[in-house]
Amino acid sequence: MRQVNNMRVISGKQKGTSLKSVPGHSTRPTTDKVKEAIFNMVGPYFNGGMMLDLYAGSGAMGIEALSRGMSKAVFVDRDRKAIETIYSNLKTVRCLEEAEVFKNEAKRALNAIKKKERQFDLIFLDPPYAKQTLADELAFIDTHNILLQGGYIVAEHSSKVLLDNHYKTFTQTKEERYGDTSVTIFKSVASEESI
């Protein structure tokens, strides 16, 4: 059955703009209902900031974040068709200047981010359900302090996957279930350093 392309930007300055989905069945787009719920939990709007979409697919989540006020988004995907789709969607919403796009595997991308000592206000993780390594990625983000103070991590995953509640630099604040999909939200932990 042919997939109908009805992805769009839900809110913000690009509201209503149609986006392309990645051709084929290699990616699973986040539904509008889940997307709206996610941004209501971590936004819904932003006054600048850096966003990382580690399994970007079509780029829809990063574009939504830019539309809602993030100043920069970094898109990572290992699939060539996904990278082409991200560029196409960024051109449609005229956000190429606010974006960095990398064709890379998540683990290598995180290593590059660590080396460059980059940090983010919002990190979105939506790996393929069959190949997810969320526990490892969350531990890496924690160990190398990749989430900025006050920032959020959003993990979209199979409802069968259980994630740790607490890390050194962030803690789980919410988990919502949508059928076989769960969305887990982590928020940075306030620094306990004495003044």
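Within the assembled protein chains, the solvent-accessible surface assigned to Arg80 is about 140 Å², based on a 1.4 Å probe. Multiplying the residue separation of Val161 and Glu175 by 0.36 nm and subtracting their alpha-carbon distance yields 3.9 nm. Of the GluC sites (Glu not before Pro) found in region 91-123, the ones in coil according to DSSP and having at most 14 other Cβ atoms within 10 Å of their Cβ are Glu105, Glu117. For region 1-155, the Kirkwood hydrodynamic radius from C-alpha pairs, put into Stokes-Einstein at 10 °C and a viscosity of 1.306 mPa s, yields a diffusion coefficient of 103 µm² per second.
Restriction of the trypsin sites (Lys or Arg not before Pro) in region 106-158 to DSSP coil positions whose beta-carbon has at most 10 other beta-carbons within 10 angstrom yields Lys116. The trypsin sites (Lys or Arg not before Pro) of region 132-176 that meet both conditions, a loop assignment by DSSP and at most 10 other Cβ atoms within 10 Å of the site Cβ, are Lys160, Lys168. Solvent exposure of Met61, expressed as accessible area, is near 10 Å², computed with a probe of 1.4 Å over the protein chains only. For the residue pairs Lys15/Lys168; Lys35/Lys103; Lys13/Lys168; Lys91/Lys174; Lys116/Lys160; Lys91/Lys168, alpha carbon separations beyond 32 Å are given by Lys15/Lys168; Lys13/Lys168; Lys91/Lys174; Lys116/Lys160; Lys91/Lys168. Take region 81-195 with all the other protein chains still there, run a 1.4 Å probe, and you get 57 Å² of accessible area per residue. The listed residues His25, His166, His157, His144 rank as His25, His166, His144, His157 when sorted by accessible area, largest first, using a 1.4 Å probe.
Taking the charge dipole of the chain about its Cα centre, with +1 at Lys and Arg Cβ atoms and -1 at Asp and Glu Cβ atoms, the residue from Gly150, Val189, Ile86 reaching farthest to the positive side is Ile86. In the chain, taking the dipole from charged Cβ atoms about the Cα centre, the farthest positive-side position among Pro29, Ala106, Thr133 is held by Pro29.
Placing a pseudo-label 7 Å from each Cα along the Cα-to-Cβ vector at Asp32 and Arg78 gives an inter-label distance of 3.2 nm. Dipole check for the chain: with +1 at the C-beta of Lys and Arg, -1 at the C-beta of Asp and Glu, and the Cα centre as origin, the magnitude is about 680 Debye. Each helix, a run of at least 4 DSSP H residues, gives -39500 (n - 2.57); summed and divided by the residues of the chain, these come to -8000 deg cm²/dmol at 222 nm. Carbon-plus-sulfur accessible fraction, the chain (probe radius 1.4 Å, protein heavy atoms only): 48%.
The values are calculated or read from the model by the stated rules, or taken from the named source; none is laboratory data. Computed from a predicted structure; not experimentally measured. Positions of Cβ are generated from backbone atoms using ideal geometry, with glycine treated the same way; all protein chains shown enter the neighbour counts. For accessibility, only protein heavy atoms count, side chains too; no ligands or nucleic acids. Shrake-Rupley method; radii C 1.70, N 1.55, O 1.52, S 1.80 Å.
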